[in-house]
Every structure is written in C-alpha cells, then in structure tokens.
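The values are calculated or read from the model by the stated rules, or taken from the named source; none is laboratory data. These numbers were taken from a predicted model, which means no experiment stands behind them. All Cβ positions, even for glycine, are placed from backbone atoms using ideal geometry, and neighbour counts span all protein chains on display. The area values use the complete protein model at the heavy-atom level, side chains included, leaving out ligands, DNA and RNA. Shrake-Rupley method; radii C 1.70, N 1.55, O 1.52, S 1.80 Å.
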Amino acid sequence: MTRIVLVTGGSTGLGKAIAARFRADGDTVVITGRREDRLRATAAELGARPVPCDAGDPAQVARLAADLPELDVLVNMAGGNTDLTREATGTLEDTRAAWHANLDANLLSAVLTTTALLDALRPGGSIINVSSIGAEYAVSSYGAAKAALAAWTAGLSAQAGPKGLTANVISPGLIEETEFFQGKLTDERRARLIAATHDGRAGKPDDIAETAYFLASPGARHITGQTLHVNGGAHTTR
Ligand SMILES: NC(=O)c1ccc[n+]([C@@H]2O[C@H](COP(=O)([O-])OP(=O)(O)OC[C@H]3O[C@@H](n4cnc5c(N)ncnc54)[C@H](OP(=O)(O)O)[C@@H]3O)[C@@H](O)[C@H]2O)c1
C-alpha cells in the first residue's frame, strides 16, 4: 500500500528533498507552501500534489485538512527564521512583533497543521516536526520557538501513541542548498559552523530526507517522543 504523505513547506530545501525521497518510494505526496508558482513548479518536477497553504493561517489549514481525509505521514517543515527578513528597531513593540513572528512561523504552523490533521492520520502513521540546533542555545526568538516545538512534540507523542502514531523531531544543524539563510550567511559564520562539526562538513538536504524516511519506516515504530539531531556532531547528546 502506498502511503499518503504531507510535507508542509515542500517547495524548496529540506521539504523538497523529503518529498522527493517519499516519491522515490512510490508514495502519494502532497506539498504546501505560500508562493504558488514555486510550489507548482516543484510539484510538477516531483510528481507531487500542490496545495497552496499558509501553515500559520487557521482558515487555510482547515481547508487543507478538509482536502486530506486520510494521511500516513505528516512532516511539518514550514518555517524559518523570520528575523532574517525584518529590520529590528529594538523597541519593546518591535521585540514583541519579532517574537510573535517566529513563534507563528515555527511553532504555531506545526501546532495548527497537526491539530487539523490528527484525526486523519491512520494507525502506523508518523508525525515529524523540524526543530533546529538553534533550540539548544535559544539566544533568539527563532531558537526559543524551535525549543518549544521540541517540547510540545514530546507531549504530542503521548497523545498520539495510543492511536498507533509516532511523533518525533528532527533537529538539523547547518544544512546548505536551501533558502534558509536568505543569502545572509557570511563566510566567517559558515566556516565557524562547519568547524564545530566532527565530520568537517555542512549538512545536505538528503541527510534530513533520509532521517525523515527512516522515522516513517516500519523499523522505527518504537522511536517516538524523541529529538534526532542531524548536525555532524556540532551538538552531541548521550
Ligand atoms: N537549512 C538549515 O540550515 C536549517 C537548520 C535548522 C533548521 N532548519 C529548518 O528547516 C525547515 C526548512 O528550512 P529550509 O532550510 O529547507 O529553508 P527553505 O528553503 O527556506 O524552506 C522553507 C520552506 O517553508 C515554506 N514556508 C515557510 N513558511 C511557511 C508557511 N507559513 N506556510 C507554508 N509554507 C511555509 C517556504 O515556502 P514559501 O515561502 O513559499 O511559503 C519554503 O519552501 C525550517 O523549519 C527551518 O527552520 C533549517
């Protein structure tokens, strides 16, 4: 039986790589995003179904859920650091707006999508949320939002387990070949991030795609409520 897989934020970067990985296995893949041209181009390239949807908009998420009565794998990939595309003024009003933007983009996007689709997920299914190595330090609203996403996923696992579902987090370190940094990653910072790894390289989208594919596989059914770090050793756990 082919699975039905939803990848939010599937037009580019890590979401596109995950969509391609499941398509290579013959699964039915639905991808979402806000930029409709980009979404349709990726969907045509991969043989996926495009559904334009802003994961932070309750009405759009409700429409998406109405279109997906059954689902096996939910990958909440939509997100990014909204601080990279806004000017900071340093006022308290602006600080509040900046924090709300990152919480909306990275936490509420996954919460809304999961809440809308939880009943559609069939037993044996998987929920995969995407955090960041930035959650380990949380010096920014982006890191704090990703840390909250990981904390919430642990509770979600307890809620979803009795339905035969797993819920896990993938937490990437630096992954290149995506639009994440919006051209703002300096050579100096890139070198510093790579120097912090044990394998001396940046990650690639396929590193994340293979991890997601494994988490949704029959061999991973006893892995739930966990955060899997994919960062070349830049942050270690024990
Ligand atoms: N690359 C890294 O180094 C890295 C490291 C740690 C974590 N991450 C996380 O990995 C995820 C994917 O990032 P990426 O590196 O693949 O960057 P990316 O290429 O910018 O991908 C993000 C995708 O999410 C979509 N998106 C953003 N907000 C959305 C929303 N509200 N509703 C629907 N779609 C939305 C974007 O498309 P539209 O703009 O068209 O909506 C875009 O296709 C993000 O959650 C990011 O925080 C990335």
Check the straight Cα-Cα distances from LYS163 and name the aspartates and glutamates below 13 Å, setting aside those fewer than 8 residues away within the same chain. ASP72, ASP119
Per its Cα gyration tensor (rounded if a/c is under 1.5, else prolate when a/b beats b/c, else oblate), the stretch 20-67 is best filed as oblate
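Residue separation times 0.36 nm, minus the C-alpha to C-alpha distance between ARG189 and ARG34: what's the value? Write out the running numbers ahead of the final one.
Numbers: separation 155, 0.36 × 155 = 55.80 nm, distance 2.90 nm.
Gain on extension, ARG189 to ARG34, equals 52.9 nm.
Hey, what's the stretch 4-230 come to in accessible area per residue, 1.4 Å probe, Å²?
Details: 10540 Å² over 227 residues.
Dividing the accessible area of the stretch 4-230 by its residue count gives 46 Å².
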For labels at ALA97 and SER140 in the simple 7 Å Cα→Cβ model, what's the distance in nm? 1.8 nm
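For the stretch 146-224, which whole percent of the accessible surface, found with a 1.4 angstrom probe, sits on carbon and sulfur atoms? If you can, show how the numbers build up before the last one.
Details: 2240 of 4060 Å².
Here carbon and sulfur together make up 55 percent of the probe-accessible area.
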Gyration tensor on Cα atoms of the stretch 103-238, a ≥ b ≥ c root eigenvalues, a/c under 1.5 rounded, else prolate if a/b beats b/c, else oblate, says prolate
Any lysines with Cα under 17 Å of the LYS16 Cα? List them, leaving off those in the same chain fewer than 8 positions away. LYS204
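Using helices alone, what [θ] at 222 nm do you get for the chain, with -39,500 (n - 2.57) per DSSP H run of 4 or more residues, divided over all residues and rounded to the nearest 500? Walk me through the numbers on the way to the answer.
Numbers: 8 runs with 93 residues, N = 238.
Result for the chain, helices only: -12000 deg cm²/dmol.
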Can you give the alpha-carbon Rg of the chain over 2.2 N^0.38 Å, where N counts its residues? 0.96
Express in whole angstrom the spacing between the alpha-carbon centres of the stretch 150-216 and the stretch 1-63. 18 Å
Rounded if a/c is under 1.5, else prolate if a/b is larger than b/c, else oblate: which is the stretch 175-238, with a ≥ b ≥ c the root eigenvalues of its Cα gyration tensor? prolate
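Roughly how many debye, to the nearest 20, is the charge dipole of the chain about its Cα centre, given +1 on each Lys and Arg Cβ, -1 on each Asp and Glu Cβ, and no other charges?
340 debye
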